[in-house]
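First the structure, in the form of structure tokens, and then the observations on it.
The values are calculated or read from the model by the stated rules, or taken from the named source; none is laboratory data. This structure is a prediction, so every number in the text was calculated from the model and none was measured. Methodologically, a virtual Cβ is constructed for each residue, glycine included, from the backbone with ideal geometry; neighbour enumeration extends over all protein chains shown.
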Amino acid sequence: MACLCTHCTCVTKAFQSTTFSNGSEKFLESNFPGGTYLCAYEAGFCGFSVHYDLESAGIRNIVFNPADINDTQKERSRKTDAVDCIKICRNLMNNELKAIYVPSREELGLRGYLGARDAAVKKQRVAKQRIKSLLNRNGVKISEELFPTNKGHWSRRFNGWLEHVAADLGSGEGYRLNDLLKDLHHAHSQVLAAGRRLNEVISAHHMDTNELLLSIPGIGRLTAARICLEVPHVSNFINSDHLASYIGFVPDVHGSDDNVYVRGITYRGRALLRSAFVESAWRAIGRDPAMGLAYRPSSALQGSWSTGCSLYCVRERDMKSQEFDNHTACLTGSMTTSATAVSFLQP
């Protein structure tokens with residue numbers, strides 16, 4: 001972290017977030033009285049808690065992506081906290097740092113419900129994988145006649161069968177299987193509880209936007225909730241291309257002279273939100289006849305199911321301009337306009 005006093009245009013010192021509450025504010029006031037303090041730090045493990053503390057103390061602060069700072073090869077090869085501080089201050093003085101969006105405490109709190117459900121789903125998936133691994137390790141085959149793969153597993157009947165398998169295995173492996181079943185049941189209950197709480201939050205804070213999003217073919221309740229919580233204010237974006245870049249629907253390109261190489265979809269963006277949009281696109285192709293007809297792999301993409309083409313189909317047929325507010329229209333436009341860029345991702 002680095003702090004700059006515009007009153008005397010000099011670097012004050014490097015200090016960690018833990019020392020700010022222990023006197024850094026007094027240090028600035030005593031050494032640089034009457035100055036306007038500007039502060040910046042790299043987005044990282046501490047999240048935005050330091051930003052909130054600085055802003056509450058009257059110090060203007062920005063949070064930026066560490067990869068976007070301008071530095072020299074010498075600074076990269078001789079990295080220290082002091083070098084990083086000077087580097088940040090130099091970029092701050094030259095107005096070369098681009099701040100990332102900092103959500104409010106309330107927005108972060110609401111996103112916590114989404115994160116709780118994601119964590120519970122992950123725990124449930126891990127428990128299922130461990131159970132199937134244990135079955136394979138002990139040579140237990142899942143009957144295709146009793147539990148067809150195309151209908152999925154993990155029904156109540158299947159769980160009952162697993163309990164009988166645990167009894168038949170006996171000894172340590174049976175005990176282990178019972179423990180895994182308990183983990184699975186606990187994770188499943190957490191998923192249900194988190195889902196119910198998430199629905200309550202969306203109903204209380206984003207009811208209108210949620211209903212508009214659900215009217216788009218392919219978008220379900222979870223995807224709509226993720227959009228509402230991760231993109232609460234579409235007005236923050238200049239246009240739909242700006243929103244597409246935030247989500248990650250743009251390619252990385254390297255060009256020199258007449259040679260332009262498209263490296264593939266960018267690694268920057270909101271990974272979970274981008275995945276939700278792609279899944280919704282595939283659902284839209286299957287559920288909406290007009291969007292299914294709109295899906296046509298081009299000659300350059302023949303034989304490959306392009307993510308770009310599927311994203312193109314997520315737009316609403318008529319855009320229903322009288323029915324959709326700016327939030328939904330911008331989101332839908334984002335998926336449409338970004339399709340052109342993403343369509344180059346497939347060879």
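Values for this structure:
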| quantity | calculated |
| --- | --- |
| The range 261-284, residues that are within 19 Å of ARG111 (Cβ to Cβ), among the hydrophobic types (A, V, I, L, M, F, W, C) and surrounded by fewer than 17 Cβ atoms within 10 Å (Cβ to Cβ) | ALA271, LEU272 |
| Conditions (1) modelled with pLDDT under 85; (2) in a loop (DSSP other than H, G, I, E, B); number of the one not met by MET291 | (2) |
| Selection status of TYR113, within 24 Å of the chain's Cα centre (by Cα), of a type in the set (Phe, Trp, Tyr) and at pLDDT 90 or above | yes |
| Leading residue by the ranking (farthest from LEU38 (Cα to Cα)) among those in the range 80-118 that are among the small types (Gly, Ala, Ser) and free of Cβ contacts under 8 Å to residues at least 12 places away in the same chain | GLY115 |
| Test result for ASP179, within 35 Å of the chain's Cα centre (by Cα), within 15 Å of VAL126 (Cβ to Cβ) and surrounded by 15 or more Cβ atoms within 10 Å (Cβ to Cβ) | no |
| Test: residue in the range 125-143 that is closer than 29 Å to PHE277 by Cβ, among the aliphatic types (A, V, I, L, M) and in a helix (DSSP H, G or I) | yes |
| In the range 189-226, the residues that are touching a helix residue (DSSP H, G or I) at 6+ places or on another chain (Cβ under 6 Å) and of a type in the set (A, V, I, L, M, F, W, C) | VAL191, ALA194, LEU198, VAL201, ILE202, LEU212, LEU213, LEU214, ILE219, ALA224, ALA225 |
| Number of the exception - LEU134 against (1) closer than 16 Å to HIS188 by Cα; (2) in contact (Cβ under 8 Å) with a residue 40 or more places away in the chain | (1) |
| Residue match in the range 200-210 (condition: within 20 Å of ALA281 (Cα to Cα) and touching a Phe, Trp or Tyr at 6+ places or on another chain (Cβ under 8 Å)) | no |
| GLY195 being under 30 Å from MET291 (Cβ atoms) and either part of a loop (DSSP other than H, G, I, E, B) or at pLDDT 90 or above (or both) | yes |
| Residue match in the range 145-152 (condition: at pLDDT below 85 and either within 29 Å of ARG197 (Cβ to Cβ) or surrounded by 14 or more Cβ atoms within 10 Å (Cβ to Cβ) (or both)) | yes |
| Matching residues, the range 259-288, being in contact with a strand residue (DSSP E or B) (Cβ under 8 Å, 6 or more places away or on another chain) and free of Cβ contacts under 8 Å to residues at least 24 places away in the same chain | VAL260, TYR261, ARG263, THR266, TYR267 |
| Qualifying residues in the range 198-242 (those that are among the hydrophobic types (A, V, I, L, M, F, W, C) and at pLDDT below 85) - the one nearest to LEU273 (Cα to Cα) | VAL234 |
